[in-house]
Amino acid sequence: MSVYSWDEVGKYQNDVARIIKNSYRLNRISHAYIFEGPNGTKKTSTAFLYAKSLLCTNSDAFNPCNECHNCRRVENRTHPNLFYVKPKGKVIKKEQIKDLIREFSKASIEKGPRIYIIEEAEKLNLTSANTLLKTMEEPGQDIYQILITENYNSLLKTIISRAEILHFKPIDRNLIKEHLVKQGIAANIANSISEYTVDMGSAIKFAEDFKMINIIKLVTEIHNSFLVKNLSPILLFKESSQDVFQDQEITDFFLMLMIFYQKDILNYQLRHLDSICFEEEIETIKKLADKIAQKHIEQNITNMLGLKARLKYNINNKLAFDKMLACLERGYKYATYCSGNTV
Ligand SMILES: [Zn+2]
């Protein structure tokens, strides 16, 4: 886990950072938080930052120093006062919570605050939740708890009522793009990925995955082939179709990028240049935009969105994608168009 700060949290989750910092300032730090929000919104990193801020021996206005023994042990997840529980399989087992409570009472615990973080807390079953509740009800102890969940409505009401809920919002696409570019990812790739997902974790995973990078390349090659008479997009696709169909996520990514590219052509015509995703392809986009009327691009996009909706019904993907490419090719090369429902 990289070094994370409250300023950084503020960039992604302004409300969360503000509430925690204010509570610290007013000496009203809550002993039980529920961090709630969709996947990829940095709930876990924020929970560990919170633990670090509580344990740091040199913290300044709740900002950990990142250098002291405690900070380093939180970073390495070896601090004896910090407990992290993740579900084993589909549930958090009663034994896991019992172990946690047993660990808490051990002599190896150091003085100072004790913190536990429970990931996917909605997977606590009734017994685990009840065992946990008991610790939440013991006042006066220097115990802090963070329950992390994507859906706090599935937590027990009794747990919700004892904790303060902090809502984590989906991260702004521009911040994801900025982050990827900072990591040295090309603008084209950072744009495509941040258009596709607002889950920071998946975005980083995609950017490091050569399979995803190859898909981005394929989409640009296919669009370039619309401008070259003897290049066939269907053949290009055929050469890579194994990659595209190797799993559902990649198939979906490919189709979404094809749609983004069509939207880029439309945005170019509308002079919405700021909204263009494949910005390094601007020359190709310009040429393609000259070859097609706005209503036909709109039709293409509608057809492709229709195809995306049908993908989950086990249609013959290969045939459907070939048809889509043939339609696009006819439009750009020969100005003949497919009507709706033919893709
Ligand atoms: Zn420190």
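Quick note: the coordinates plus some simple rules give every number you see, no bench work behind them. These numbers come from a predicted model, not from an experiment. Cβ atoms come from the backbone with ideal geometry, glycine included; neighbour counts cover every protein chain shown.
Worth a mention:
- Residue list for region 215-260, filter: of a type outside the set (Phe, Trp, Tyr) and assigned to a loop (DSSP other than H, G, I, E, B): Leu227, Val228, Lys229, Asn230, Leu231, Ser232, Gln246, Asp247
- Filter pass, Thr41 being away from the ligand (no atom under 16 Å from the Cβ) and either closer than 28 Å to Lys134 by Cα or in a loop (DSSP other than H, G, I, E, B) (or both): yes
- Counting only residues that are within 13 Å of the ligand (Cβ to nearest atom) and touching a residue at least 24 places away in the same chain (Cβ under 8 Å), region 71-81 holds 3 of them.
- The residues on offer are Ile282, Ile265, and the sole one that is of a type in the set (Val, Ile, Thr) and over 18 Å from Tyr196 (Cα atoms) is Ile282.
- Put simply, of Lys88, Lys52 the only residue that is more than 16 Å from the ligand (Cβ to nearest atom) and charged (D, E, K, R) is Lys88.
- If the condition is being in a loop (DSSP other than H, G, I, E, B) and within 29 Å of the chain's Cα centre (by Cα), then region 93-129 contributes Lys93, Glu119, Glu120, Asn125.
- Looking only at residues of region 161-180 that are hydrophobic (A, V, I, L, M, F, W, C) and under 24 Å from Gln262 (Cβ atoms), we find that the one that is surrounded by the most Cβ atoms within 10 Å (Cβ to Cβ) is Ile176.
- The one condition from (1) among the hydroxyl-bearing types (Ser, Thr, Tyr); (2) touching a Leu at 6+ places or on another chain (Cβ under 7 Å); (3) crowded, with 21+ Cβ neighbours inside 10 Å that Thr158 does not meet is (3).
- Of the residues making up region 55-70, those that are in contact with a Lys or Arg (Cβ under 7 Å, 6 or more places away or on another chain) and away from the ligand (no atom under 11 Å from the Cβ) number 1.
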